Amino acid sequence: MIYFVTPTYPRPEQTPELIRQAHTLMHVPRIHWIVADDKYKCSRHVLGILRRSGLPYTHIASPKPNMKKVPEWLVPRGVSNRRAALDWIRQFVTEGVIYFGDDDNTVDLELFDEIRTTKGLSMFPVGLIKEYGVSSPVVRDGKVVGFFESWTYNRKFPVDMAGFALNVKSLNPTATMPYKVGFIENEFLKESGFDIENIEPLANNCTKVLVWHTKTEKNTPRILKGNLKAMANSRYQNLGKLLQELQKMDVLKVTPRNGTEAAVKLYHRDRKSFLFLADMV
Ligand code: UDP
Ligand code: MN
């Protein structure tokens, strides 16, 4: 069994990212998807995606600590929720392979055949990482002897979260992930007590990219001026329902007070007119 751990957080791109990841995992046998929400409560629309996937899943929530005074680039991403997933695995799982797959990465189906045989710690290249365009172990005579990675500073294991897998049996009972940008993977692997000599190189001795660090353009949640309740009771009920759905998914927000003056273009026989959302009562 592969335990595919996906940290995720509310934002406009969340639903499309998770749908895409679900559709990849639906091709994979013996996979258990652990989706860890960066929230106080598991979100309903995420749960909906999990249910419809038909995959065996665990849905847990664990929000990041309050770091409002810290600049955004210093807030580590997906730590609290990955930690919660590790706790869950420690409590309920005795065998299998753990892989950390972010919601926005692109995974080749071949990756799963590769990582499934991981005995301790395996590693492999990740495409689209920083300045070099790839991050990969360097292999000599079948052994990992170094790393090709543009940012190695003070890191024994200069690897991306998507570039390794480990066997549940090698999961150290106390190893955790730190709230420290850039050092999450390194500290976790160090605390786990892994050695460079024992890393199992995969993807044909690290000659193939089977996972990509794709990034999706960030959208700011749109604020539209209007009243959802009034829209639900108006003649244009579908629009009320549609926007309510998208509001639940954190794509947009409809409020009576401020926001974009959004309008509907209406046709009545040969006459065209515009109706503002805010005027739908
Ligand atoms: N993530 C999270 N909470 C956050 C930011 C990110 O749970 O506040 C998750 C995100 O959904 C993704 C992973 O952590 O699965 C890595 O985040 P992101 O893709 O934004 O980071 P990057 O790829 O740019 O390093
Ligand atoms: Mn990412």
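The values are calculated or read from the model by the stated rules, or taken from the named source; none is laboratory data. None of the values given here were measured: they were computed from a predicted structure. A quick note on method: Cβ atoms are made from the backbone with ideal geometry, for glycine too, and the neighbour counts reach across all protein chains shown. SASA here: full protein model, heavy atoms, side chains in, ligands and nucleic acids out. Shrake-Rupley method; radii C 1.70, N 1.55, O 1.52, S 1.80 Å.
Within region 93-140, the set of residues being within 21 Å of the chain's Cα centre (by Cα) and more than 16 Å from residue 165 (Cβ to Cβ) comprises 103, 104, 106, 127, 128, 129, 130, 133, 134. Restricting the first member to region 9-20 and to residues that are closer than 11 Å to residue 45 by Cα and among the β-branched types (Val, Ile, Thr), and the second to residues that are in a loop (DSSP other than H, G, I, E, B) and more than 8 Å from ligand 1 (Cβ to nearest atom), the beta-carbon pairs closer than 9 Å and six or more apart or on different chains are 15/249; 15/250; 15/251. Among the residues that make up region 25-39, is at least one of them in contact with a Pro (Cβ under 6 Å, 6 or more places away or on another chain), away from ligand 1 (no atom under 13 Å from the Cβ) and either modelled with pLDDT under 95 or under 20 Å from residue 89 (Cα atoms) (or both)? The answer is yes; a qualifying residue exists. Could you please give the count of residues in region 237-257 that are open to solvent by 50 Å² or more (accessible area, probe 1.4 Å) and closer than 11 Å to residue 227 by Cα? Residues in region 237-257 being open to solvent by 50 Å² or more (accessible area, probe 1.4 Å) and closer than 11 Å to residue 227 by Cα: 4 in total. The set of residues from region 92-136 being open to solvent by 10 Å² or more (accessible area, probe 1.4 Å) and in a strand (DSSP E or B) comprises 106, 107, 134, 136.
Scanning region 40-67 for residues that are surrounded by 18 or more Cβ atoms within 10 Å (Cβ to Cβ) and assigned to a loop (DSSP other than H, G, I, E, B) yields 43, 62.
In this structure, residue 208 does satisfy being within 20 Å of residue 165 (Cβ to Cβ), open to solvent by 40 Å² or more (accessible area, probe 1.4 Å), of a type in the set (D, E, K, R) and assigned to a loop (DSSP other than H, G, I, E, B).
Hey, can you tell me all the residues within region 146-181 that are surrounded by fewer than 21 Cβ atoms within 10 Å (Cβ to Cβ), within 14 Å of residue 194 (Cα to Cα) and of a type in the set (A, V, I, L, M)? If the condition is that a residue be surrounded by fewer than 21 Cβ atoms within 10 Å (Cβ to Cβ), within 14 Å of residue 194 (Cα to Cα) and of a type in the set (A, V, I, L, M), then 168, 171, 175 are the ones that fit.
The single condition among (1) in a helix (DSSP H, G or I); (2) in contact with a Ser or Thr (Cβ under 9 Å, 6 or more places away or on another chain); (3) closer than 30 Å to residue 120 by Cα that residue 16 does not satisfy is (3). Scanning region 215-235 for residues that are assigned to a loop (DSSP other than H, G, I, E, B) and under 14 Å from residue 253 (Cβ atoms) yields 219, 220, 221, 226, 227. In this structure, does residue 190 turn out to be within 16 Å of ligand 1 (Cβ to nearest atom), on the phi < 0 side of the Ramachandran plot and open to solvent by 90 Å² or more (accessible area, probe 1.4 Å)? No.
For region 247-272, a residue qualifies if it is in a strand (DSSP E or B) and either among the acidic types (Asp, Glu) or out of contact with any Ser or Thr (no Cβ under 7 Å at 6 or more places or on another chain) (or both), and the qualifying residues are 252, 253, 254, 255, 260, 263, 264, 265, 267, 268, 271, 272. Among the conditions (1) without any contact (Cβ under 8 Å) to a residue 60 or more places away in the chain; (2) within 16 Å of ligand 2 (Cβ to nearest atom); (3) surrounded by fewer than 22 Cβ atoms within 10 Å (Cβ to Cβ), residue 197 misses just one, which is (2). Checked against the criterion of being under 26 Å from residue 1 (Cβ atoms), open to solvent by less than 60 Å² (accessible area, probe 1.4 Å), within 16 Å of ligand 2 (Cβ to nearest atom) and not hydrophobic (A, V, I, L, M, F, W, C), region 80-89 has at least one qualifying residue.
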